[in-house]
1. Testing residue 80 on (1) touching a strand residue (DSSP E or B) at 6+ places or on another chain (Cβ under 8 Å); (2) modelled with pLDDT under 95, one condition comes back false. Which one is that?
2. Does residue 35 count as assigned to a helix (DSSP H, G or I), surrounded by fewer than 11 Cβ atoms within 10 Å (Cβ to Cβ) and polar (S, T, N, Q)?
3. For the stretch 49-70, which positions are surrounded by 15 or more Cβ atoms within 10 Å (Cβ to Cβ) and either outside any loop (DSSP other than H, G, I, E, B) or on the phi > 0 side of the Ramachandran plot (or both)?
4. Failed condition for residue 7, given (1) touching a residue at least 40 places away in the same chain (Cβ under 8 Å); (2) at positive phi, with all others met?
5. Go through the stretch 92-136 and report how many residues are within 30 Å of residue 73 (Cβ to Cβ) and either basic (Lys, Arg) or in contact (Cβ under 8 Å) with a residue 60 or more places away in the chain (or both).
6. With the condition kept exactly as written, say whether any residue in the stretch 90-110 is among the polar types (S, T, N, Q), under 30 Å from residue 23 (Cβ atoms) and not assigned by TED's automatic domain parsing to the domain that holds residue 32.
7. Hey, any hits in the stretch 71-94 for a residue that's in contact with a helix residue (DSSP H, G or I) (Cβ under 7 Å, 6 or more places away or on another chain) and not in a helix (DSSP H, G or I)?
Amino acid sequence: MNGPAASFNIGEAARQSGVSAKMVRHYESLGLLPSVRRTEAGYRQYGEAEVHTLRFIRRARDLGFSMHEIEQLLHLWQDRRRSSAEVRRIASRHVEELSRKLAEMEAMRRTLQHLVHCCRGDDRPDCPILDELAAR
């Protein structure tokens, strides 16, 4: 005989999933998490399935997926008839975006490194870093 299904308040669901209670409410408002049952006093009650979904969302956020991508991935995760090709397409597109951002950040780092090298960092007011920021 099975015992009663686990039921958690928002604080416990947040703790078990590693996201804040505020983000739990946010994900619910976005439709990433289905509306959950409430107690007679109006408190949200989460089960294992919702906590598992929150963990999925948190892990996807940790990997930098956008909310739109997470929504797509959630639908695919929940669809047992899905094609893994669609999941791969979303992830590959994300890898490309991350690579683009990394290249942009590397260019920023090189520029700043050069400017820091050119700045004497002494008591004089001349500063190539500020000059570069003020340049048109």
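1. So the condition that residue 80 fails would be (1).
2. Numbers: assigned to a helix (DSSP H, G or I): no; surrounded by fewer than 11 Cβ atoms within 10 Å (Cβ to Cβ): yes; polar (S, T, N, Q): yes.
In short, no.
3. Residues of the stretch 49-70 surrounded by 15 or more Cβ atoms within 10 Å (Cβ to Cβ): 50-51, 53-54, 56-58, 60-61, 65, 69-70.
Within the stretch 49-70, 50, 51, 53, 54, 56, 57, 58, 60, 61, 69, 70 meet the criteria.
4. Going through (1) touching a residue at least 40 places away in the same chain (Cβ under 8 Å); (2) at positive phi one by one, residue 7 breaks only (2).
5. Matching residues across the stretch 92-136 total 3.
6. Narrowing the stretch 90-110 to residues among the polar types (S, T, N, Q): 92, 99.
Then drop every residue that is not under 30 Å from residue 23 (Cβ atoms), which leaves 92, 99.
Now narrow it down to the ones that are not assigned by TED's automatic domain parsing to the domain that holds residue 32: 92, 99.
The answer is yes, given that some residue of the stretch 90-110 is among the polar types (S, T, N, Q), under 30 Å from residue 23 (Cβ atoms) and not assigned by TED's automatic domain parsing to the domain that holds residue 32.
7. Within the stretch 71-94, one or more residues are in contact with a helix residue (DSSP H, G or I) (Cβ under 7 Å, 6 or more places away or on another chain) and not in a helix (DSSP H, G or I).
Residues checked against (1) surrounded by 10 or more Cβ atoms within 10 Å (Cβ to Cβ); (2) assigned to a loop (DSSP other than H, G, I, E, B); (3) at pLDDT 95 or above; (4) in contact with a Lys or Arg (Cβ under 7 Å, 6 or more places away or on another chain):
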residue: 104; (1), (2), (3), (4): yes, no, yes, no
residue: 110; (1), (2), (3), (4): yes, no, yes, no
residue: 125; (1), (2), (3), (4): no, yes, no, no
residue: 129; (1), (2), (3), (4): yes, no, no, no
residue: 133; (1), (2), (3), (4): no, no, no, no
residue: 136; (1), (2), (3), (4): no, yes, no, no
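The values are calculated or read from the model by the stated rules, or taken from the named source; none is laboratory data. Please read these numbers as outputs of a predicted model, since none were measured by experiment. A quick note on method: Cβ atoms are made from the backbone with ideal geometry, for glycine too, and the neighbour counts reach across all protein chains shown.
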